[in-house]
Structures are given as C-alpha cells and as structure tokens.
Amino acid sequence: MADSKLQHIALISVHGDPAIEIGKEEAGGQNVYVRHVGEALAQQGWRVDMFTRKVSASDPTIVEHSPNCRTIRLTAGPEEFIPRDSLFEYLPEFVAEFLKFQKESDLKYPLVHTNYWLSSWVGMQLKQIQKVKQVHTYHSLGAVKYKSVTTIPLIATKRLETEKLLLETADRVVATSPQEKEHMRSLVSLKGNIDIIPCGTDISRFGQVSQEAAREKLGIDAGSKVVFYIGRFDRRKGIETLVRAVSRSQLRGQADLKLIIGGGSRPGESDGLERDRIEGIVDELGMTEITTFPGRISDEDLPLYYAAADVCVVPSHYEPFGLVAIEAMASNTPVVASDVGGLQFTVIPEKTGLLCPPKKEIAFGEAIDRIIGDSQWRDLLGQNARARVEEKFSWDGVALQLSQLYSELLQPASKVSDRLSKRGQA
Ligand code: UDP
C-alpha cells in the first residue's frame, strides 16, 4: 500500500448517508457499510471523502469522522427526505455538485467506489467526464428484488438497465457473497469483472460482554429465553414470519419466553405502517405480554441486546449480505436465518445457527425452539459463530482487501503490463 498512501478516494452513496443515525427512515446496512469501510480505509492510509445527498437543511454540509475520513453532503433536489425510488431525477444535479466540489477543493478523485444503483449511475457519468476508476457495490439487485415484489415501481426499467451497464463497464464490481456474484451472473450479465469481498463488522465492539452481564444491564431476567430481531421495518424483512413462529413455540407457557423486536423509526415516520401492521399481528396472536418494541437501539446498547439474546432471527425474504447476522454471531449469539442470499454464506447450518426456507413460520418456530431449548448447544453454536466472524468478517480484514483492490486499479498501466508480461513469460 505504500505507493497509495494519502491518495484521495471518493465513496459515493447518494441515498445512504454514512453520517446519519442508523435505524432512521431508510437507513440500514448500506449506511453502516460505507461509514465503516470509509473509516477503516482512512486508517490504512487513504484520504476518504464520502459523498451523499443532503436531506435536511439543518444537517452540516461536512462531517469529519476521523483523521482523513469525512462525509460531504451535496445539495441535489429539495433538502428533504425523498424515497430512493424517486431520486433518479436529481442525479444530474448530484454529478454537477460533485464536479463543483472537486473544482473548489482543487481535487480530482482518481477512484470512486459507488454504492447502490443510483450512485452507480453517478459514477458512470463521472467516467465520461474525467479519468477515474470505478468500483461498485450493489447492496441490492433489482433483478432479484423485482422477482419477489407484487408492485414493480416505475423506475424498474431504468434500474435494471443501469445495473447491467454498470456490471459490464465498471473497473471492478464487489460482490459481498458468492451467492450475490451468482445472481449477478445468472440474472444481470456474463460480462464484467467481479471480486468477492464480504461485508464486515467491528469485532472489538461486539462479543465483549457476557450474556449474564448484558441482561443485568438491560433488566432482563437471567432465566428468560430471549428471541431477538433488529432491523428496518420493511415487509421484505419478514418480521411477520418471526412473530408467527414465536407464537407457535413449544416453550410458550413453559418458559419465560421473550420476543424483542428492535429497530425502526419513531411513530409517524416512514416505516410506521409496517410497524403498525406487526404490532397488530402481535396483538391478534395474544403475544403483547411477551413482546417488546424498543425502537431504534443506540450504538451503545446494541452489543448488549445481541449478547443478552439466546438467538437472533433474520427472517428476510432476501438479503444480499445481511449485517445483522454477523453482528449477532460476533456477539456469541447463534442465528436462525432465511436460507437465502448472503445468509447462506455467513450462517453455517448446525454449526453457527440454522437456516429455514423464507416465510415458513413452522420451520422458523422449530429452529428457534431447538436452539433455545438446549442451552449447551446454544452456547456451542455461539462460540463457533464468533470464531467464524473473527476469521472472515472483520472490518479491518475487509478494508484491507478493498485497499489492495484500489491499489491494483490505480497502478500505472506500465506496471500492470509489466506484471502481465512477466506472467506470460513464467
Ligand atoms: N441497525 C441499527 N439500529 C437499528 C436498526 C438497524 O444499528 O435500530 C443496524 C444494524 O445493526 C445493521 C444495519 O442497521 O448494522 C442493518 O443492516 P442489514 O444488512 O442487516 O440490513 P439492511 O438495512 O441493509 O437491509
């Protein structure tokens, strides 16, 4: 990395502000990914500027996170929250503002790492204007998503077309799991260069507190059986499956069973509808006594909740990676997850947790019972889970792989051709 020290790079995340409070509105995995990758890359010697769209006039334009890592909010369209499916029309303004920022700061980024299809469009425009390498992470693929939704948004055609063009023209696409790569190949295009570099988690933040101590701090009885969910309130997250699964638990009535459904905005904000729907199901199934909705869990408390849980459930209909699974695993907590996408990569069935067909509440119920009904096995799964995260999914390890990729792409063409010709001679 020595020759790339202190080179500037831009991470572009038009709709996922890396400086925002996670759990708010559409904020989730992408915001966490960009923020952590940015900070870890800065520690490895890059100057990282993370660009996003300003969603509130009162938000500062520049947020300094750590030395050499900052978020820059560009004004593109009204300074208010706009759902991602309605953002495309503001992208030309985003590109213009990015170019203006470069000019005013006397900078020209040699590499941009774009996130989600909206930012990929921005990156492709920049490539037409200046010499820049583009690395891209999809976070979600339209071709996968539209298979599982009943109403296809108007923007779908544009998205699918952009995702295909991107895969075929980006200097490198990062798939966060082998399953995501497979989907790109089977559903998007056979052309283009893909590397697999997973998402990561902070292994020194999670897994540092025992279950007992965490429960004491949160006021949860030592003898309870705790089933935990954290994430956005979105129908595709499958929270309904979890609620129905727990309602069937054989342990209901026998043990002190608790279901904690964390995350989500405050009442009245954009995910309120799904939250109301889930609360309605909890009520209908007579589960209000055993279910709590703590809302957005603070950064400080999240490691405690993961540690306090007997099992963390990720019932998503689809997940290209699924950060929650590895955060729970890093906290020595086994995971019951849907047998889809990146969850098939992170969760090893019978070793670090269990996988169930998505939307199948009976299978989820049985899997949850198997784990919470056998504390010794639960602890063993939890230990294996932690070991897997330490080995494969630390942010530092992930950032090192990205850093090597950037360095490779930024090498002068002569060095690359030297290397290729040496390879040829060998
Ligand atoms: N998260 C959080 N607090 C909340 C809700 C979510 O910190 O109240 C975080 C969670 O810990 C994880 C991310 O948001 O890091 C969700 O990422 P994931 O990949 O699981 O789902 P996505 O939001 O990308 O669909």
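If the condition is being hydrophobic (A, V, I, L, M, F, W, C), away from the ligand (no atom under 16 Å from the Cβ) and in a loop (DSSP other than H, G, I, E, B), then the range 15-74 contributes 46, 55, 57. Evaluating residue 85 against the criteria (1) within 16 Å of the ligand (Cβ to nearest atom); (2) part of a helix (DSSP H, G or I); (3) closer than 27 Å to residue 399 by Cβ leaves one unmet condition, (3).
When 209, 227, 173 are checked against the criterion of being more than 23 Å from residue 280 (Cβ to Cβ) and in a strand (DSSP E or B), a single residue qualifies: 173. Considering the range 321-342, the residues that are among the small types (Gly, Ala, Ser) and not in a helix (DSSP H, G or I) include one that is surrounded by the most Cβ atoms within 10 Å (Cβ to Cβ), namely 337. Taking the numbered list (1) over 21 Å from residue 36 (Cα atoms); (2) touching a residue at least 12 places away in the same chain (Cβ under 8 Å); (3) in contact with a helix residue (DSSP H, G or I) (Cβ under 8 Å, 6 or more places away or on another chain) in turn, residue 319 passes all entries but (1).
Evaluate the following for residue 94: is it touching a residue at least 12 places away in the same chain (Cβ under 8 Å), of a type in the set (Phe, Trp, Tyr) and part of a helix (DSSP H, G or I)? Answer is yes for this residue. Among the residues making up the range 165-188, a single one is surrounded by 16 or more Cβ atoms within 10 Å (Cβ to Cβ), of a type in the set (Gly, Ala, Ser) and away from the ligand (no atom under 16 Å from the Cβ): 170. A search for C-beta distances below 9 Å between a residue of the range 11-26 that is on the phi > 0 side of the Ramachandran plot and modelled with pLDDT under 95 and any residue that is assigned to a strand (DSSP E or B) and crowded, with 22+ Cβ neighbours inside 10 Å, counting only pairs 6+ apart in sequence or on different chains, returns 23/230.
Determine, yes or no, whether residue 307 is touching a residue at least 40 places away in the same chain (Cβ under 8 Å), assigned to a helix (DSSP H, G or I), away from the ligand (no atom under 11 Å from the Cβ) and under 17 Å from residue 365 (Cβ atoms). Against the criterion (touching a residue at least 40 places away in the same chain (Cβ under 8 Å), assigned to a helix (DSSP H, G or I), away from the ligand (no atom under 11 Å from the Cβ) and under 17 Å from residue 365 (Cβ atoms)), residue 307 does not qualify.
Got at least one residue in the range 108-116 being assigned to a helix (DSSP H, G or I), under 24 Å from residue 35 (Cβ atoms) and either of a type outside the set (Lys, Arg) or within 16 Å of the ligand (Cβ to nearest atom) (or both)? Within the range 108-116, one or more residues are assigned to a helix (DSSP H, G or I), under 24 Å from residue 35 (Cβ atoms) and either of a type outside the set (Lys, Arg) or within 16 Å of the ligand (Cβ to nearest atom) (or both). Residue count for the range 256-277 under the criterion of being of a type in the set (A, V, I, L, M) and at pLDDT below 95: the result is 1. Of all residues in the range 285-296, none are buried (at least 17 other Cβ atoms within 10 Å of the Cβ), within 16 Å of the ligand (Cβ to nearest atom) and among the hydrophobic types (A, V, I, L, M, F, W, C). Scan the range 117-137 residue by residue and report those that are in a loop (DSSP other than H, G, I, E, B) and more than 26 Å from the chain's Cα centre (by Cα). Once the filter is applied, which keeps residues that are in a loop (DSSP other than H, G, I, E, B) and more than 26 Å from the chain's Cα centre (by Cα), the range 117-137 yields 130, 131.
Yes/no per residue for (1) part of a helix (DSSP H, G or I); (2) in contact with a Lys or Arg (Cβ under 9 Å, 6 or more places away or on another chain):
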| position | (1), (2) |
| --- | --- |
| 344 | yes, no |
| 355 | no, no |
| 367 | yes, no |
| 381 | yes, yes |
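Cβ-Cβ contacts under 6 Å between residues 6 or more apart (or on different chains), taken from a first residue in the range 204-221 that is in contact (Cβ under 8 Å) with a residue 12 or more places away in the chain to a second residue that is hydroxyl-bearing (Ser, Thr, Tyr) and assigned to a loop (DSSP other than H, G, I, E, B), are listed as 206/331; 207/331. For residues that are under 18 Å from residue 263 (Cβ atoms) and without any contact (Cβ under 8 Å) to a residue 40 or more places away in the chain, scanning just the range 322-360, find the one that is farthest from the ligand (Cβ to nearest atom). It comes out as 336. If you check 93, 80, 104, 89 for being in contact with a Gly (Cβ under 7 Å, 6 or more places away or on another chain) and surrounded by fewer than 16 Cβ atoms within 10 Å (Cβ to Cβ), only one passes: 93. Take the residues of the range 224-255 that are modelled with pLDDT of 95 or more and farther than 30 Å from residue 149 by Cα: which is nearest to the ligand (Cβ to nearest atom)? Per the criteria, the residue is 226.
The values are calculated or read from the model by the stated rules, or taken from the named source; none is laboratory data. Keep in mind that what you see is a predicted model, and the values were worked out from it rather than measured. Neighbour counts run over all protein chains shown; Cβ positions are idealised from the backbone, glycine included.
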